[in-house]
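Only the coordinates and a few stated rules stand behind these numbers; no lab work does. From a predicted model like this one, the values you see are computed outputs, not experimental measurements. Reconstructed Cβ throughout: ideal geometry from the backbone, glycine too, with neighbour counts over all protein chains shown.
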Amino acid sequence: MSVLNSSEIEITTFFLIGIPGLEYAHAWISIPICLMYLVAILGNCTILFVIRTEPSLHAPMYYFLSMLAISDLGLSLSSLPTMLRIFVFNATGISPNACFAQEFFIHGFTDMESSVLLIMSFDRFLAIRNPLRYSSILTSARVAKMGLVFLIKSMLLVLPFPFTLKRLAYCQKSLLSHSYCLHQDVMKLACSDNTVNFFYGFFVALCMMSDSMFIAVSYIFILKTVMGIGSHKERLKALNTCVSHICAVLIFYVPIIALASMHRFGKHKSPMAMILIADIFLLVPPLMNPIVYCVKTRQIREKVLGKLGLK
């Protein structure tokens, strides 16, 4: 710690938290957590490998799925170091700079996943609304440009986070409320004015929520298009192509909306509930997305089983 003035001491180490009251069981809790990380990383790497090596999967839908897998890998690898240190080695300390870097990558990949889910909803609408022109509209070059634009947008959007946090003074509180660093969590530890952080964080949250609203609008148009299809069988077939994406949207947005609501409006929030929801937010989407797409997408399932020799 370094002295700011005669009455304030600057905090040089933040402390993350595991599961309160269950510190004695952290070693056992680390087993399912490590397994979840392992399955998530292997699952998303498998998706990327299969799409990369199978020419029949070189189509817009699967390119977007690759982007989703990359986002999930980024989320997993961003939180993995602190989660393992806490639950395996019971080491809760983290330097401010490392904390700022972690929250940048977590928020960056979170926004990237939100953006990918948005363009995947547009992809589904286009495939159902205009299937004959689908491939000519979403060419490989256009898909690559869209992915690059959204990647740059996501990173630039959260780039101010570490710099605005670094300018704050931390002199009283040092205990964070999660197993990893989040912008809204870190800024509450500051003993200096964090108004800029609050409003910019709120702006970033609104940008992400706008993605969810545009996804909802896309599905309104998808339902309108599907209802115009004469054959009941064809309507079900069209809707079935959206099931995997709907599951991915719910898996991603339900925990993040719950966590954001508890941070902003929860006056008597349960620390245990917040920690569990925060861990679900980072652990479950990267774990479940490859499983959902393998189960619900026949082409992916067949190619994965073929690679494993189980076809």
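Listed here are the pairs Lys145/Lys224; Lys153/Lys173; Lys166/Lys188; which of them are more than 24 Å apart at the Cα?
Among Lys145/Lys224; Lys153/Lys173; Lys166/Lys188, the Cα-Cα distance tops 24 Å for Lys145/Lys224; Lys153/Lys173.
Quick one: if the Förster radius is 35 Å, what FRET efficiency do Trp28 and Ser174 give, using the C-beta to C-beta distance and rounding to 0.05?
0.80
Picking from Ile11, Thr53, Ile137, whose Cα lies most toward the positive end of the charge dipole for the chain (charges on Cβ: Lys, Arg +1; Asp, Glu -1)?
The residue sitting most towards the positive pole is Ile137.
I need the chymotrypsin sites (Phe, Trp or Tyr not before Pro) found in region 14-110, filtered to DSSP loop residues with at most 13 other beta carbons within 10 Å of theirs. It would help to have the intermediate numbers written out before the result.
Details: sites: Phe14, Phe15, Tyr24, Trp28, Tyr37, Phe49, Tyr62, Tyr63, Phe64, Phe87, Phe89, Phe100, Phe104, Phe105, Phe109; in loops: Phe89.
Within region 14-110, the qualifying chymotrypsin sites (Phe, Trp or Tyr not before Pro) (loop, at most 13 other Cβ atoms within 10 Å) are Phe89.
Separation between the Leu35 and Met209 pseudo-spin-labels, each 7 Å from Cα along Cα→Cβ, expressed in nm?
Rounded to a tenth, the inter-label distance reads 3.8 nm.
What are the radius of gyration and Dmax of the chain, computed over its Cα atoms and given in Å?
Every Cα atom of the chain included, Rg and Dmax give 21.4, 78 Å.
So what is the relative contact order of region 14-308, in percent, for Cα pairs below 8 Å that sit 6 or more residues apart? Walk me through the numbers on the way to the answer.
Working: 328 pairs, mean separation 81.5, N = 295.
About 28 percent, as a whole number.
Kindly rank 42-48, 200-206 from highest to lowest mean number of other beta carbons found within 10 Å of each residue.
The densest-packed peptide leads the list: 42-48, 200-206.
In what sequence, highest mean first, do 137-146, 65-74 appear when ranked by Cβ atoms within 10 angstrom?
Values: 137-146: 13.7, 65-74: 23.4.
Going by the mean number of other Cβ atoms within 10 Å, highest first, we get 65-74, 137-146.
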